[in-house]
Amino acid sequence: MNYTIEKWTPNHPQWPQLVAFAQEHDLFANIIDSPALIAESHYFTALHNKQIIAFIMCLVQPIGPEMDVPELVDPHGRMLTEAKIRAFFVEERFRNQGIGTALQKCILDLAPQLGCFQVRSRSELSKKANYAIKLKLGFAAHPAIRKMRSGDSPGVYWVKNVQRVDSSLQSTAND
Ligand SMILES: CC(C)(COP(=O)(O)OP(=O)(O)OC[C@H]1O[C@@H](n2cnc3c(N)ncnc32)[C@H](O)[C@@H]1OP(=O)(O)O)[C@@H](O)C(=O)NCCC(=O)NCCS
């Protein structure tokens with residue numbers, strides 16, 4: 001099956017189609033129509049015959065605050081950031097042909113270019129295909145319960161380091 005993957009920004013002429021695609025598939029529409037989020041986000045779409053068949057989106061953010069922890073820093077005091085995958089979807093009839101894996105690899109390639117320390121995402125235990133992809137790509141698994149109004153939801157935070165941090169502190173004249 002022929003498909004291409006493109007990195008899109010809101011300036012792309014087909015952007016309204018991506019918004020419609022996200023809404024149609026109930027992919028947290030606010031990730032694609034909230035200006036505050038869009039500014040820090042990166043979007044890859046997969047196309048077949050010029051039609052959107054899949055997409056992935058990540059948000060670049062400091063590591064920590066989303067989990068109510070102060071921003072993590074490296075040994076030089078520089079803030080560590082992560083590419084947090086917020087949406088990941090392949091249309092049902094195009095699944096199990098490697099498109100999802102290819103989209104995840106786009107984020108893994110992009111994240112170090114953006115200076116991110118890690119790529120992270122969360123999914124429910126029921127998301128078997130996502131589970132398979134994350135294991136295949138070498139993500140570490142951190143199981144966690146999310147407290148929802150509807151009850152506890154067991155899931156996994158998937159984390160993969162994509163960049164080494166220079167931990168060598170500069171020696172001072174007094175050393
Ligand atoms: C997750 C998703 C994006 C994967 O897309 P995809 O194009 O089918 O992914 P790939 O073809 O690259 O890989 C799918 C892998 O899952 C495996 N898989 C599929 N269904 C599975 C199941 N029920 N149990 C275990 N593994 C399964 C496939 O064998 C394949 O692994 P392999 O390459 O080692 O053989 C797609 O299934 C999807 O959109 N699901 C609904 C939304 C979702 O769950 N999003 C992610 C979590 S929020």
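FYI, it's all coordinate maths here, none of it is from the lab. This structure is a prediction, so every number in the text was calculated from the model and none was measured. Note that we place each Cβ from the backbone using ideal geometry, even for glycine, and neighbour counts take in every protein chain shown.
Which residues does a label at T9 reach in region 34-51, if reach means a backbone N under 14 Å from a point 7 Å past the Cα toward the Cβ? Taking a point 7 Å out along Cα→Cβ of T9, the residues of region 34-51 whose backbone N falls under 14 Å are 38-44. Between exposed trypsin sites (Lys or Arg not before Pro) in the chain, where DSSP calls loop and at most 14 other Cβ atoms lie within 10 Å, what's the longest gap? Here the longest segment lacking exposed loop sites spans 96-148.
Could you give the dipole magnitude of the chain about its Cα centre, charging the beta-carbon of Lys and Arg +1 and that of Asp and Glu -1, in debye to the nearest 20? Present the calculation step by step, with values, prior to reporting the outcome.
Details: 19 positive and 17 negative charges, 124 e Å.
Its charge dipole is roughly 600 debye.
Helix-only arithmetic for the chain: the sum of -39500 (n - 2.57) across DSSP H runs with n ≥ 4, divided by the residue total, places the mean residue ellipticity at 222 nm at -7000 deg cm²/dmol. Using a Förster distance of 35 Å, how high is the FRET efficiency between M1 and Q23, based on the Cβ-Cβ distance and rounded to 0.05? FRET efficiency, M1 to Q23: 0.90. Annotation: lysines with alpha-carbon distance below 19 angstrom to K134 (same-chain offsets under eight excluded): K84, K105, K160.
Put simply, the Cα atoms of region 4-161 extend 48, 34, 32 Å along their principal axes, the longest span coming first. Compared with the direct C-alpha span, the chain from Q97 to N161 gains 20.5 nm at full extension, assuming 0.36 nm per residue.
Dipole orientation for region 4-161: of the candidates S150, H48, Q97, Q97 has the Cα lying most toward the positive pole (charges on Cβ; Lys, Arg +1; Asp, Glu -1).
I want the local charge near M1. Using Cβ-Cβ distances under 15 Å, sum +1 for each Lys or Arg and -1 for each Asp or Glu among the other residues.
On the way: positive: K50, R93, R95; negative: E91, E92.
Neighbour charge sum, excluding M1 itself: +1.
Once you divide the Cα radius of gyration of region 92-171 by 2.2 N^0.38 Å, the number left is 1.35. Taking Lys and Arg as +1 and Asp and Glu as -1, the other residues whose beta-carbon sits under 11 Å from that of G98 total +3.
Listed values for region 151-163 are Karplus-derived 3J(HN,Hα) couplings in whole Hz (6.51 cos²θ - 1.76 cosθ + 1.60, θ = phi - 60°), namely x, 6, 10, x, x, 9, 8, 9, 10, 9, 6, 10, 8, and x replaces Gly and Pro.
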